[in-house]
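Written out below as structure tokens is the structure these notes cover.
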Amino acid sequence: MQKVLHIDAGKCTGCLQCEMACSYENYQVFAPSKSRIKVFDFHATGKKVPYTCTQCDEAWCLHACPVEAITVDKATGAKVVSEATCVGCKVCTIACPFGTVNYVQETGKVQKCDLCGGEPACTEACPTGAITYIDANWTGLGRMAEWANKLGNQPVAN
Amino acid sequence: MTHHVILGAGPAGVIAAETIRKHAPQDAITIVGDEPEPPYSRMAIPYLLAGNIAEAGTHLRHAPDHFERQRITVRRGRAVSIDTVEREVALEGGERLGFDRLLIATGSRPVKPPVPGIDSPGVHTCWTLDDARHIMQLATKGARVLQMGAGFIGCIIMEALATRGVKLTVVEMGDRMVPRMMGPTAGGMIKAWCESKGITVRTGARVEAIEAEAPLSARLSTGERVAADLVINATGVKPAIGFLEGSVIALGVGVLTDARMQTNVPGIYAAGDCAEAFDALTGKTVVSAIQPNAAEQARIAALNMVGQCASLRQVTQINVLDTLGMISTSFGNWQGVTGGEHVELTDETLGRHLSLQFKDDVLIGANSVGWTDQVGVLRGLVEGRVHLGPWKDELLRDPTLLSKAYLGAAQAQGQWVSAADARRR
């Protein structure tokens, strides 16, 4: 069963626990600046939006890599950067149209979400269930229910 | 059984072969490369020169039995002509290789400027692993190196040379560094940065002659004479398609293809640096020598070669460059268009710069220096032709709000109220 990160921005309070957990998991420090998941704060609307890699099937980053440093984790489907192989050319960072592969100055390599090998630290840290790790086929369920409710409750045109 | 022949063992050739294998498990696939090494990446050569990786680190695939397991035959050979009627490739040495589908992915070759003495010993291009070996022998600590050209490739090898401790002089014909990728502000920042790192930079200048004594002596258009132990020719590249001249395959600067990467001859495709692909956005054909585009073109070509229907959406010019630690990017039409709007934010002390070009409420191009966080959203915005709506004014006011503008406009996440929100796609 393929699982994916499911982000429900409506439940996010902007507490940044996910960023802390991510940086701690990967660098053993609490440093949101090093996090691979970012919470964007929309002041005008009050919305907080956690944002990270969607693990594309035909991933731009993976095909852009000149040295096979980004490969598929066969257990999770995540596109994973091998720091030992990455030469730091940064081409993946401009190839990804979502901006979710980023260069890290300190290491001279790029980083991206690797789903923590199947136990994403951000989901464990999220106190409101805004970030969950669920069966890929169920991610649209809430959305479908809302649409069904909306469409199903429309007056029928005669 | 369909036999796919792929000319060229670079990223485009390899990705096409793997894509064909994924979708056509029974087809026969042959990659023909003209260098002795296993398929490798030219893009990795600077990191080899800098000593960060060994030669094996430049290989496109690391498992020694990768191609065998994929049942992809990789063989050495150089195509000299294509018989489009008999459907055969003639290889150097007289052998003929039959094909059902053919992909031309021969990449590009360095151009040799008409400078007297350019063939002297000690003058090298920086293109192949063999070139790299020569450069590593000559570019020793304290050696005087003259680099002709400060374009994209020139700038990217500069760091490797500096790491090797050479005394470097760079001569660029354009009025600034990387003139075909970066605007004047960014080009000027990169030049000042290189000079602060001890590199001698001459822009608006060219090498007029090289005298082949030891050391080499170059005469510049400025009247200067530069002594050098090694001269690197990085004055540009062009599609490696000489073997197609005189064939019926239509050529422009590169091999002309439609949006499905097919040439004017059915069953013959082209992808990567040698291809001049149809860009649906502008309606023109474009040569774009960068791996993400090569990879996408290879994938599209391969899908069509196995009988699927896929077309290239567009050919966006994208580039990223690390010049001695100063990181710059360019996306799309960074020069802007008449009647468009432009915003620029620069902090020369911190080495940071953003330049955004708009047409109506769409971002059409950008340059950045010292800006790496979520920089890919620039591609998302440009290639997605995203209507920025109110975010355009936000960006004109503060260009650093890029990521939010992307999320807000391309994914409309900042405004969704529910699944029923009309902005949701």
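Are there strands (runs of 3 or more DSSP E) fully within segment B:198-258 with at least 3 residues that are of a type outside the set (Val, Ile, Thr)? List them. Talk me through it step by step, then tell me what you get.
Working: elements: B:200-203, B:207-211, B:216-220, B:225-228, B:230-233, B:237-239.
Because the criterion is at least 3 residues that are of a type outside the set (Val, Ile, Thr), the strands (runs of 3 or more DSSP E) in segment B:198-258 that meet it are B:207-211, B:216-220, B:225-228.
Considering each residue of segment A:105-121 in turn, at least one proves to be facing chain B (nearest Cβ under 10 Å), buried (at least 22 other Cβ atoms within 10 Å of the Cβ) and within 27 Å of B:Thr316 (Cβ to Cβ). With the condition kept exactly as written, say whether any residue in segment B:311-325 is without any contact (Cβ under 8 Å) to a residue 24 or more places away in the chain, more than 11 Å from chain A (Cβ to nearest Cβ) and assigned to a strand (DSSP E or B). The answer is no; no qualifying residue exists.
Within segment A:106-121, the set of residues being over 21 Å from A:Ala59 (Cα atoms) and either of a type in the set (Gly, Ala, Ser) or touching a Ser or Thr at 6+ places or on another chain (Cβ under 6 Å) (or both) comprises A:Gly108, A:Ala121. Within segment B:352-377, being among the small types (Gly, Ala, Ser) and within 12 Å of chain A (Cβ to nearest Cβ) holds for B:Ala366, B:Ser368, B:Gly370, B:Gly376. Residues in segment B:118-171 that are among the charged types (D, E, K, R), modelled with pLDDT of 95 or more and over 23 Å from B:Glu35 (Cβ atoms): B:Lys141, B:Arg144, B:Lys167.
Being part of a loop (DSSP other than H, G, I, E, B) and either away from chain A (no Cβ under 12 Å) or surrounded by fewer than 21 Cβ atoms within 10 Å (Cβ to Cβ) (or both) is the filter here; which residues of segment B:290-310 pass it?
B:Val306, B:Gly307, B:Gln308, B:Cys309, B:Ala310, listed by residue number.
Pairing each residue of segment B:250-266 that is without any contact (Cβ under 8 Å) to a residue 40 or more places away in the chain with any residue that is acidic (Asp, Glu) and surrounded by fewer than 18 Cβ atoms within 10 Å (Cβ to Cβ), provided the two are 6+ apart or on different chains, yields C-beta distances under 9 Å for B:Leu251/B:Glu245; B:Asn264/B:Asp258. Among the residues of segment B:321-336, those that are touching a Phe, Trp or Tyr at 6+ places or on another chain (Cβ under 9 Å) and closer than 23 Å to B:Leu281 by Cβ comprise B:Thr329, B:Gly336. Here B:Ala105 does not fit the description of being farther than 22 Å from B:Ala250 by Cα, in contact with a Cys (Cβ under 9 Å, 6 or more places away or on another chain) and surrounded by 19 or more Cβ atoms within 10 Å (Cβ to Cβ).
For segment A:124-135, a tally of residues being surrounded by 14 or more Cβ atoms within 10 Å (Cβ to Cβ) and in contact with a strand residue (DSSP E or B) (Cβ under 7 Å, 6 or more places away or on another chain) returns 5.
Among the residues of segment B:362-375, those that are surrounded by 16 or more Cβ atoms within 10 Å (Cβ to Cβ) and of a type outside the set (Ser, Thr, Tyr) comprise B:Val362, B:Leu363, B:Ile364, B:Gly365, B:Ala366, B:Asn367, B:Val369, B:Gly370, B:Trp371, B:Gln374, B:Val375.
Quick one: would you say A:Thr132 is farther than 16 Å from A:Tyr24 by Cα and part of a loop (DSSP other than H, G, I, E, B)?
Details: farther than 16 Å from A:Tyr24 by Cα: yes; part of a loop (DSSP other than H, G, I, E, B): no.
So A:Thr132 does not fit the description; no.
Of the residues examined, B:Thr338 is one that is more than 23 Å from B:Gly254 (Cα to Cα) and free of Cβ contacts under 8 Å to residues at least 12 places away in the same chain.
With a requirement of 2 or more residues that are aromatic (Phe, Trp, Tyr), the strands (runs of 3 or more DSSP E) lying completely within segment A:17-103 that satisfy it span A:38-42.
Evaluating B:Pro390 against the criteria (1) surrounded by fewer than 21 Cβ atoms within 10 Å (Cβ to Cβ); (2) in contact with a Cys (Cβ under 7 Å, 6 or more places away or on another chain) leaves one unmet condition, (2).
Matching residues to (1) closer than 26 Å to A:Trp60 by Cα; (2) in the same structural domain as B:Gly151 (by TED's automatic domain parsing); (3) within 21 Å of the chain's Cα centre (by Cα):
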site	(1), (2), (3)
B:Ala310	yes, no, no
B:Val315	yes, no, yes
B:Val320	yes, no, yes
B:Glu341	no, no, no
B:Gly351	no, no, no
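Would you check if A:Cys86 is within 12 Å of chain B (Cβ to nearest Cβ) and either touching a residue at least 12 places away in the same chain (Cβ under 8 Å) or under 17 Å from the mean Cα position of the chain (by Cα) (or both)? The answer is yes for A:Cys86. Residues that are surrounded by fewer than 14 Cβ atoms within 10 Å (Cβ to Cβ) and assigned by TED's automatic domain parsing to the domain that holds B:Ala90 were ranked within segment B:209-249; the one that is nearest to B:Gly117 (Cα to Cα) is B:Gly242. A count restricted to segment B:167-185 and to residues that are basic (Lys, Arg) and farther than 18 Å from B:Thr200 by Cα stands at 1. Consider segment A:63-78 and keep the residues that are crowded, with 21+ Cβ neighbours inside 10 Å and touching a Ser or Thr at 6+ places or on another chain (Cβ under 7 Å). The one that is farthest from the other protein chains (Cβ to nearest Cβ) is A:Ala69. It is to be established whether one or more residues within segment B:210-226 are hydrophobic (A, V, I, L, M, F, W, C) and closer than 20 Å to B:Ile6 by Cα. Checked against the condition, which is being hydrophobic (A, V, I, L, M, F, W, C) and closer than 20 Å to B:Ile6 by Cα, segment B:210-226 yields no hits at all.
In this structure, is B:Phe99 within 25 Å of the chain's Cα centre (by Cα) and of a type in the set (Phe, Trp, Tyr)? It would help to see each step written out before you state the result.
Values: within 25 Å of the chain's Cα centre (by Cα): no; of a type in the set (Phe, Trp, Tyr): yes.
When the stated conditions are applied, B:Phe99 does not pass them.
The values are calculated or read from the model by the stated rules, or taken from the named source; none is laboratory data. Predicted model, so just to flag it, every value in this text is computed and none were measured. FYI the Cβ positions are ideal-geometry reconstructions off the backbone, even for glycines, and counts take in every protein chain you see.
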